[in-house]
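**Q** Mind having a look at this structure? Questions to follow.
The values are calculated or read from the model by the stated rules, or taken from the named source; none is laboratory data. Source: prediction; values computed, not measured. Reconstructed Cβ throughout: ideal geometry from the backbone, glycine too, with neighbour counts over all protein chains shown.
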Amino acid sequence: MGIIKIEEKGKINFVHLEGDFVTNDDINNLRSSLRSLAEKDNNFAIVNLVKTNFLSSAALGVLLSANALFERQNGKIVLCSPNDYILNLFKITKLDLILDILPTIKDAEKKLEDYRAKSQKN
C-alpha cells in the first residue's frame, strides 16, 4: 500500500511517498495528488522517494505524465532520494533521461530554485 503525504514549505510542495505503489487505488491517488499540485498557482514540487519501496510501471507512467503536466502549467516537478532499486528502474526504462532525479532533498530544492530563477528571467 502506498501512502502520500503532501506539505507546502514556502514556494515548494513536498510529496512524500511511502511504501509500494502497485494497486489501482495507489496509482489513482498518486495521479490525482500530482494533478492537483500541477494546477495550483504554486506548482513547484519535489517527490521524495526515500521511503518508497516499489513503483509499478503504471506508477512510473504517472510520474512521467505528471512531469509533462507540470511543464504545460509552467511548473516543475523533481524526484529525489530513490533507493538503488528504484533508481535502477528509472535507468532501465530510460526515464532518468526525461525526469529530474536527484540524490537528496537539498539537491532537489536547489534544482527548483535554479529553475524558478531561470524562468523568471525569461
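**Q** Filtering region 74-122 down to residues that are of a type in the set (S, T, N, Q) and modelled with pLDDT under 95, which residue is surrounded by the most Cβ atoms within 10 Å (Cβ to Cβ)?
**A** Ser119
**Q** Go through (1) in contact with a helix residue (DSSP H, G or I) (Cβ under 6 Å, 6 or more places away or on another chain); (2) within 22 Å of Ala117 (Cβ to Cβ) one by one and return the number of the condition Asn42 breaks.
**A** Just one mismatch for Asn42, condition (1).
**Q** Also, quick follow-up: Filter region 7-22 down to the residues that are exposed (fewer than 14 other Cβ atoms within 10 Å of the Cβ) and in contact with a strand residue (DSSP E or B) (Cβ under 9 Å, 6 or more places away or on another chain), then identify the one that is modelled with the lowest pLDDT.
**A** Step one: of region 7-22, the residues exposed (fewer than 14 other Cβ atoms within 10 Å of the Cβ) are 7-11.
Still in the list and also in contact with a strand residue (DSSP E or B) (Cβ under 9 Å, 6 or more places away or on another chain): 7-8, 11.
On the way: Glu7: 96, Glu8: 95, Lys11: 89.
It comes out as Lys11.
**Q** Separate question: Output the number of residues of region 76-99 satisfying the condition of being part of a loop (DSSP other than H, G, I, E, B) and either at negative phi or out of contact with any Pro (no Cβ under 8 Å at 6 or more places or on another chain) (or both).
**A** 6
**Q** Something else now. May I ask you to say which residue of Asn42, Asn28 is exposed (fewer than 14 other Cβ atoms within 10 Å of the Cβ) and free of Cβ contacts under 8 Å to residues at least 24 places away in the same chain?
**A** Asn28
**Q** Same structure, new question: Scan region 76-94 residue by residue and report those that are closer than 19 Å to Leu17 by Cβ and over 12 Å from the mean Cα position of the chain (by Cα).
**A** Step one: filter region 76-94 for residues closer than 19 Å to Leu17 by Cβ, giving 76-91, 93.
Selection gives Asn83, Asp84, Tyr85, Ile86, Leu87, Asn88, Leu89, Phe90, Lys91, Thr93.
**Q** Checking the condition out of contact with any strand residue (DSSP E or B) (no Cβ under 6 Å at 6 or more places or on another chain), over 21 Å from Lys118 (Cβ atoms) and hydroxyl-bearing (Ser, Thr, Tyr), which residue from Ser33, Ser65, Ser81 passes? Give the steps one after another, and end with the answer.
**A** Details: Ser33 fails: out of contact with any strand residue (DSSP E or B) (no Cβ under 6 Å at 6 or more places or on another chain); Ser81 fails: out of contact with any strand residue (DSSP E or B) (no Cβ under 6 Å at 6 or more places or on another chain).
Only one candidate qualifies: Ser65.
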